[in-house]
Amino acid sequence: QKEVEQNSGPLSVPEGAIASLNCTYSDRVSQSFFWYRQYSGKSPELIMSIYSNGDKEDGRFTAQLNKASQYVSLLIRDSQPSDSATYLCAVNRGGTALIFGKGTTLSVSS
Amino acid sequence: DTGVSQDPRHKITKRGQNVTFRCDPISEHNRLYWYRQTLGQGPEFLTYFQNEAQLEKSRLLSDRFSAERPKGSFSTLEIQRTEQGDSAMYLCASSQDRGGTYGYTFGSGTRLTVV
């Protein structure tokens, strides 16, 4: 089992819809969780971080964490074509480097 | 401060040649990380430094790879005797905290093509 797993997609949603991106991780001692957005040919950009069980909202983005299920998700409300990108889930086990999933490609159609 | 800077942006080299990449982190960040990313994959961890000390190296970092961070400022990643399998985007990132709690800031990357 890979340390951080994501469905590679593509996930296609119409403009204005809610996009739901999911991530599971294998190491129960993981402490910090991040979502990065990566446009084609560009480097990853941090968009959300979450450390405690529950929801964390920032604008149109909501990160959800369930440590018991080892599950992290990212919801994007009112999706825009500019949200079309690859979304990377990253996990930190404490004191070491982030481990990234393969990413989920999101396509928002206008 | 303009963020994490990487140089060069692109590098094309012949198989067997040596290449060196440079990363200048955000000045107040004490941690610096190197990752490699190939098409369709997420970034794969290579190594990281806290100040000038190299604290962890991935098994992906073969003997042909070496990284340095003299004086805890900029860092270099050297690949000796390049192979076609080394073709990838090499990403540098930095962070301020001790445990990766706040995520990283990535540079624009160096895209390496080995022909």
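The values are calculated or read from the model by the stated rules, or taken from the named source; none is laboratory data. These numbers come from a predicted model, not from an experiment. Glycine gets a Cβ as well: all are built from the backbone with ideal geometry, and neighbour counts include every protein chain shown. These area figures cover heavy atoms from the full protein model, side chains too; ligands, DNA and RNA do not enter into them. Shrake-Rupley method; radii C 1.70, N 1.55, O 1.52, S 1.80 Å.
Some points to look at:
- A:Gly59 passes every criterion in (1) of a type outside the set (Ser, Thr, Tyr); (2) at pLDDT 95 or above; (3) surrounded by 15 or more Cβ atoms within 10 Å (Cβ to Cβ) apart from (3).
Here's the yes/no breakdown for (1) of a type in the set (Val, Ile, Thr); (2) over 17 Å from the mean Cα position of the chain (by Cα):
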| residue | (1), (2) |
| --- | --- |
| B:Gly3 | no, no |
| B:Thr13 | yes, yes |
| B:Arg22 | no, no |
| B:Pro25 | no, no |
| B:Glu28 | no, yes |
| B:Tyr35 | no, no |
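- Tallying residues that are in a strand (DSSP E or B) and either free of Cβ contacts under 8 Å to residues at least 12 places away in the same chain or surrounded by 14 or more Cβ atoms within 10 Å (Cβ to Cβ) (or both) within the range A:95-110 yields 7.
- Among the residues making up the range A:75-94, those that are within 14 Å of another protein chain (Cβ to nearest Cβ) and either surrounded by 21 or more Cβ atoms within 10 Å (Cβ to Cβ) or closer than 20 Å to B:Arg36 by Cα (or both) are A:Ala85, A:Thr86, A:Tyr87, A:Leu88, A:Cys89, A:Ala90, A:Val91, A:Asn92, A:Arg93.
- Any hit, the range B:89-109, residues being closer than 25 Å to A:Arg37 by Cβ, open to solvent by 10 Å² or more (accessible area, probe 1.4 Å), of a type outside the set (Val, Ile, Thr) and more than 14 Å from chain A (Cβ to nearest Cβ): no
- Every pair of residues 6+ apart whose Cβ atoms lie under 6 Å, when the first sits in the range B:36-47 and is more than 7 Å from every other protein chain (Cβ to nearest Cβ) while the second is assigned to a loop (DSSP other than H, G, I, E, B) and small (Gly, Ala, Ser): B:Leu46/B:Ser58
- Residue in the range A:1-26 that is nearest to the other protein chains (Cβ to nearest Cβ), counting only those that are open to solvent by less than 50 Å² (accessible area, probe 1.4 Å) and part of a loop (DSSP other than H, G, I, E, B): A:Gln6
- Checked against (1) within 26 Å of B:Gly107 (Cα to Cα); (2) open to solvent by 10 Å² or more (accessible area, probe 1.4 Å), A:Gly54 passes all but condition (1).
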